[in-house]
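The values are calculated or read from the model by the stated rules, or taken from the named source; none is laboratory data. Given the structure is predicted, the values throughout are model-derived calculations rather than measurements. As a convention, Cβ positions derive from the backbone with ideal geometry for all residues, glycine included, and neighbour counts pool all protein chains shown. Surface accessibility is based on the protein's heavy atoms, side chains included, excluding ligands, DNA and RNA. Shrake-Rupley method; radii C 1.70, N 1.55, O 1.52, S 1.80 Å.
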Amino acid sequence: MRKNMHKLWAFGCVLALASACNGDDTVASASEGESGSSTTEDSSATATTTASGTATDSATSNSGSESNSATMGTTEDPSATATATDPTATATDTDPTDTNPTTGETDSTTGDTTGDTTGVTDSTTGDTDSTTGDTTGGVETPCEDGKLWTLDADWDMGTLNNVNHDDPNNDQLQVTLDGVSAPKPYMFIAQTSEGKALKIGTPTGKQLARYPTTLLSDCPSCAEGLNKAYPSRVIVDFEGDVYIANRAFGGQGALTKIGGENSSCVDRNNNGKIDTSNDANDDGLIDINDPAEYFGQADECLLWTIPVGAVNTYPRALTLDGQGNAWVGTYVDKKAYRIDLTMDPPEVVETITLPSSPYGFVHRGNYLYSSALGQPVMRVDLANNNAITTMSAPGNYGIAVDQNGIGIFGGSGLLRCDFDKGGACQQINIGGSMNGVAVDQYGQIWGSRSGVVYKFKNDGTVLGTVSAPGSYGIAIGHDNDPRVISHNTAYRIEAGKEGAPPGNAIEYSTKHKNGTSPSNYTYSDFTGFGAQNISIKKGEWKAVYDSEDETSEWVSLLTNQEPEGNIPPGTFITYQVRAANTEADLANEPWVVVEGEVIDKFVGGRFAEVQARLLIEDEELNESPVLSDICLKKI
């Protein structure tokens, strides 16, 4: 509602933060439908009040990141080295390195349209106006010694990602309920046989960084390196940080976190900068033999590793709940572990025994969904004593969940599983087996098999196909175009218009500098689109304020002082701040989570940046929290 123009400012309110105020790769001795090179198979913020998926992200070259506008619906020009794959070419449905349930038949691809998506609103950041003493939006003497955001014009000084202040709900922010929160403009690929993870910029296809997937100083007993760690499942959180599950056949499986931006990384050697993998010569390839581009165990964005499960139990399922927890499933002993990521170090706080072997996880609302490599698929009701519903899903493999809570699985065709109804899953015959699956902003389903990417209506009607040799893993990118992983390359698929066939496949190189091809293997949410649009509904706003004073110390954050502010049950708002003496240096500063009015850590500098995330965790709720105002104060 439009704000009353004569409301008085109230300073005593407490900040409300919650609603309560085939397999994998093959291993010679341990394979179950696994494939790979010699052995082949087949990530939320660390506090409940942290998250990300900003519409505009900047990072320095140290972090191995790009500075891109991550606006949903804007397809950026791929790099000059990318090659187009003919969408009408014939592709053979075989994968020589993966023993999944495919039939080896030949499919022709159809369709070609141009992309058309919708998305977030980007605005410029920064503001140097004083708010001391003026009447703004009816608030008298607002935010002395600080900066107030409360009117439409104030919010527009920042960046809006899936939030709005549309009429009649002007002068306040709420989640765009039918919108999309754009993930960061990059993706992570597990290069399984080498025990590494590759970071690729999704607008350009250029390689940004490469990391080992085990930090040995944290877990000396954990498997690490060539033909040992076998990373596979990855997931990207709100901040753009990635969590990676190491399957470690025959060894100790683990969960590892890698920072996606410099602000998440730690200057462990105290040299005043972040030493991390990056494309130092800007050639679009990461050279692991160049110490300026690859740091190995000394990489300061390689944040931590913890062991998960018993030795030789294969962590093969991974998801985040958007509330500070990761769920990791171990295949051999049929366990699901809830890991509290807000603890230092993270710890297992809950263990659930499952009736099937977990092969992939998705979290949505109060439910944990699981694929099971041909065994019955599962949905765990986390709010009802972990009651488990199973359904028959022949040959199930990859997993996704749509906006209505329907489980989507690759397997013997495309499988749609309505756990509320139970019984057998709906099976859509495509003349072969489906591997990875994903759901886009329109509820359309994308599926990949060895060589062909399918686009479906939500009911399973095929809209079209495109050739992408070797394809299997799939996730939705920052621009709503699917990204696809094969064993030796990756692709961007032009999504096409809603309800229309897909366009072309554009190839991204995942090779080493010397031209060798590591074995890629990832089936999960490797862009983070699902984590912030399916697992939880997210909107985000952030802005930079120039105080014109390098001695500024920011000490408090007051929010929702006006009666329009509202946090319905099943929703919450989180806040973070950081500061620096130049706007460019903000990207290197860590965010400080604000859990009350007082900022309890030192935040100092001329430029202050504020970030608010509006989150809807109740999957049945069609109501947003409302952010009426923010006052950032200094001394």
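Might you let me know whether the stretch 266-278 holds any residue that is basic (K, R), open to solvent by 10 Å² or more (accessible area, probe 1.4 Å), more than 23 Å from T510 (Cβ to Cβ) and outside any strand (DSSP E or B)?
Checking the stretch 266-278: at least one residue is basic (K, R), open to solvent by 10 Å² or more (accessible area, probe 1.4 Å), more than 23 Å from T510 (Cβ to Cβ) and outside any strand (DSSP E or B).
Listed residues S535, S556; which is assigned to a strand (DSSP E or B) and not acidic (D, E)?
Working: S535 fails: assigned to a strand (DSSP E or B).
Checking each option against the conditions leaves just S556.
Is at least one residue of the stretch 515-528 part of a strand (DSSP E or B), within 30 Å of Y472 (Cβ to Cβ) and open to solvent by less than 10 Å² (accessible area, probe 1.4 Å)?
yes
With farther than 25 Å from E617 by Cβ, open to solvent by 10 Å² or more (accessible area, probe 1.4 Å) and at pLDDT 95 or above as the only criterion, which of D283, D299 stands out?
So the residue among D283, D299 that is farther than 25 Å from E617 by Cβ, open to solvent by 10 Å² or more (accessible area, probe 1.4 Å) and at pLDDT 95 or above is D283.
Is it the case that the stretch 570-581 has a residue that's in contact with a Gly (Cβ under 7 Å, 6 or more places away or on another chain), among the hydrophobic types (A, V, I, L, M, F, W, C) and in a strand (DSSP E or B)?
Checked against the condition, which is being in contact with a Gly (Cβ under 7 Å, 6 or more places away or on another chain), among the hydrophobic types (A, V, I, L, M, F, W, C) and in a strand (DSSP E or B), the stretch 570-581 yields at least one hit.
In this structure, does E553 turn out to be open to solvent by 10 Å² or more (accessible area, probe 1.4 Å) and touching a strand residue (DSSP E or B) at 6+ places or on another chain (Cβ under 7 Å)?
It is true that E553 is open to solvent by 10 Å² or more (accessible area, probe 1.4 Å) and touching a strand residue (DSSP E or B) at 6+ places or on another chain (Cβ under 7 Å).
Hey, L558 hits all of (1) touching a helix residue (DSSP H, G or I) at 6+ places or on another chain (Cβ under 8 Å); (2) farther than 30 Å from Y454 by Cα but one; which does it fall short on?
Tallying (1) touching a helix residue (DSSP H, G or I) at 6+ places or on another chain (Cβ under 8 Å); (2) farther than 30 Å from Y454 by Cα, L558 fails exactly one: (1).
Within the stretch 130-146, is even one residue at pLDDT 95 or above, closer than 19 Å to A543 by Cβ and hydroxyl-bearing (S, T, Y)?
Within the stretch 130-146 (the criterion being at pLDDT 95 or above, closer than 19 Å to A543 by Cβ and hydroxyl-bearing (S, T, Y)), the answer is no, since none of the residues qualifies.
For a quick check of your reading of the model, give me the residue pairs whose first member lies in the stretch 381-401 and is open to solvent by 40 Å² or more (accessible area, probe 1.4 Å), whose second is among the polar types (S, T, N, Q), with beta-carbon atoms closer than 7 Å and at least 6 apart or on different chains.
What qualifies is L382/N366; A383/N366; T390/S356; P394/S412; P394/Q427.
Which of the residues that make up the stretch 502-514 are under 28 Å from Y359 (Cα atoms) and in a loop (DSSP other than H, G, I, E, B)?
Across the stretch 502-514, the qualifying residues are S509, T510, K511.
Inspect the stretch 444-466 for any residue being under 23 Å from the mean Cα position of the chain (by Cα), modelled with pLDDT of 95 or more, of a type outside the set (K, R) and closer than 13 Å to F526 by Cα and give the result as yes or no.
The answer is no, given that none of the residues of the stretch 444-466 is under 23 Å from the mean Cα position of the chain (by Cα), modelled with pLDDT of 95 or more, of a type outside the set (K, R) and closer than 13 Å to F526 by Cα.
Of the numbered conditions (1) within 25 Å of I235 (Cβ to Cβ); (2) part of a strand (DSSP E or B); (3) open to solvent by less than 10 Å² (accessible area, probe 1.4 Å), A543 fails exactly one; give the number of that condition.
Checking A543 against (1) within 25 Å of I235 (Cβ to Cβ); (2) part of a strand (DSSP E or B); (3) open to solvent by less than 10 Å² (accessible area, probe 1.4 Å), the one that fails is (1).
Can you tell me which residue is nearest to I339 (Cα to Cα) among those in the stretch 241-267 that are within 17 Å of the chain's Cα centre (by Cα) and among the aliphatic types (A, V, I, L, M)?
My answer is L255.
Looking only at the stretch 233-256, which residues are in contact with a helix residue (DSSP H, G or I) (Cβ under 9 Å, 6 or more places away or on another chain) and closer than 17 Å to I306 by Cβ?
I235, D237, D241, R247
Please pick out the residue among G309, G322, G329 that is in a loop (DSSP other than H, G, I, E, B), of a type in the set (G, A, S), open to solvent by less than 50 Å² (accessible area, probe 1.4 Å) and at pLDDT 95 or above.
G309
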